[in-house]
Amino acid sequence: MHRDYYIHPSRLPKNVEGAFYTLGCKSKDGTWWGECLACGAPEDQAPTLLAQWTNECTETYFIRQPETEAEIESACNALEVCCVDALRYGGRDPKILARLNPNLCDNATFISRLKYFFRSRGKK
């Protein structure tokens, strides 16, 4: 199987395979924990893609990758509202790279950075 996305060394292992993911930290004993701060904002933006907080689930991670344009938009919105930039995109889709802040993308190119810059300058 060909993978067309970057595997970040700090990718939280609970994430499903795919380009959208959350970051995590690994302790000396091998235990992982997510870097998201539990504000709930990313989950509100992509409730069908991210694990929902419960008494048993206290980490943010992708349980499913987006498939439709609407789901891709929800995933991108979740990345943008994360206050600690713990959600990321490791894929190469030029439309997604141009839409997202390059700091949230593992494969941002000069062109995608320019497109994001001009798009964000147009927002009021």
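The values are calculated or read from the model by the stated rules, or taken from the named source; none is laboratory data. This one's a predicted model, so the numbers in the text were calculated from it and none came from an experiment. Note: ideal-geometry Cβ built from the backbone for every residue, glycine included; neighbour counts use all protein chains shown.
Counting only residues that are aliphatic (A, V, I, L, M) and farther than 22 Å from Asn103 by Cα, which one in the stretch 49-68 is modelled with the highest pLDDT?
Step one: of the stretch 49-68, the residues aliphatic (A, V, I, L, M) are 49-51, 63.
Filter again for farther than 22 Å from Asn103 by Cα, leaving 51, 63.
Details: Ala51: 93, Ile63: 97.
This residue is Ile63.
From Glu71, Glu35, grab the single residue that is modelled with pLDDT of 95 or more and either surrounded by fewer than 12 Cβ atoms within 10 Å (Cβ to Cβ) or under 13 Å from the mean Cα position of the chain (by Cα) (or both).
Values: Glu35 fails: modelled with pLDDT of 95 or more.
After applying the criteria, what remains is Glu71.
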Pick out, from the stretch 1-117, the strands (runs of 3 or more DSSP E) lying fully within it that include 1 or more residues that are among the small types (Gly, Ala, Ser).
24-26, 32-34
Single residue of the stretch 52-68 satisfying the filter (surrounded by 20 or more Cβ atoms within 10 Å (Cβ to Cβ) and out of contact with any helix residue (DSSP H, G or I) (no Cβ under 7 Å at 6 or more places or on another chain)) that is nearest to Gly34 (Cα to Cα)
Tyr61
Given the conditions (1) surrounded by fewer than 13 Cβ atoms within 10 Å (Cβ to Cβ); (2) at pLDDT below 95; (3) over 22 Å from Asn101 (Cα atoms), which single one is not true for Pro13?
(2)
Unmet requirement for Tyr61, which otherwise passes all of (1) touching a residue at least 24 places away in the same chain (Cβ under 8 Å); (2) out of contact with any Lys or Arg (no Cβ under 6 Å at 6 or more places or on another chain):
(2)
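How many residues does the stretch 1-13 contain that are more than 13 Å from the chain's Cα centre (by Cα) and touching a residue at least 24 places away in the same chain (Cβ under 8 Å)? Full working, then the answer.
The initial filter retains those residues of the stretch 1-13 that are more than 13 Å from the chain's Cα centre (by Cα), namely 1-4, 9, 13.
If we keep only those that are touching a residue at least 24 places away in the same chain (Cβ under 8 Å) too, we end up with 4.
Counting residues in the stretch 1-13 that are more than 13 Å from the chain's Cα centre (by Cα) and touching a residue at least 24 places away in the same chain (Cβ under 8 Å) gives 1.
Results for (1) in contact (Cβ under 8 Å) with a residue 24 or more places away in the chain; (2) over 20 Å from His8 (Cβ atoms); (3) touching a helix residue (DSSP H, G or I) at 6+ places or on another chain (Cβ under 6 Å), shown as yes or no for each residue.
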| residue | (1), (2), (3) |
| --- | --- |
| Ala75 | yes, no, no |
| Leu79 | yes, no, yes |
| Cys82 | yes, no, yes |
| Ser120 | no, yes, no |
Could you tell me which residue of the stretch 84-96 is nearest to Arg11 (Cα to Cα), considering only residues that are among the hydrophobic types (A, V, I, L, M, F, W, C) and touching a helix residue (DSSP H, G or I) at 6+ places or on another chain (Cβ under 7 Å)?
Leu87
Six or more apart or on different chains, Cβ atoms under 9 Å: show the pairs whose first residue is in the stretch 20-49 and on the phi > 0 side of the Ramachandran plot and hydrophobic (A, V, I, L, M, F, W, C) and whose second is part of a loop (DSSP other than H, G, I, E, B) and at pLDDT below 95.
Ala38/Trp53; Ala38/Thr58; Ala38/Glu59; Ala38/Thr60
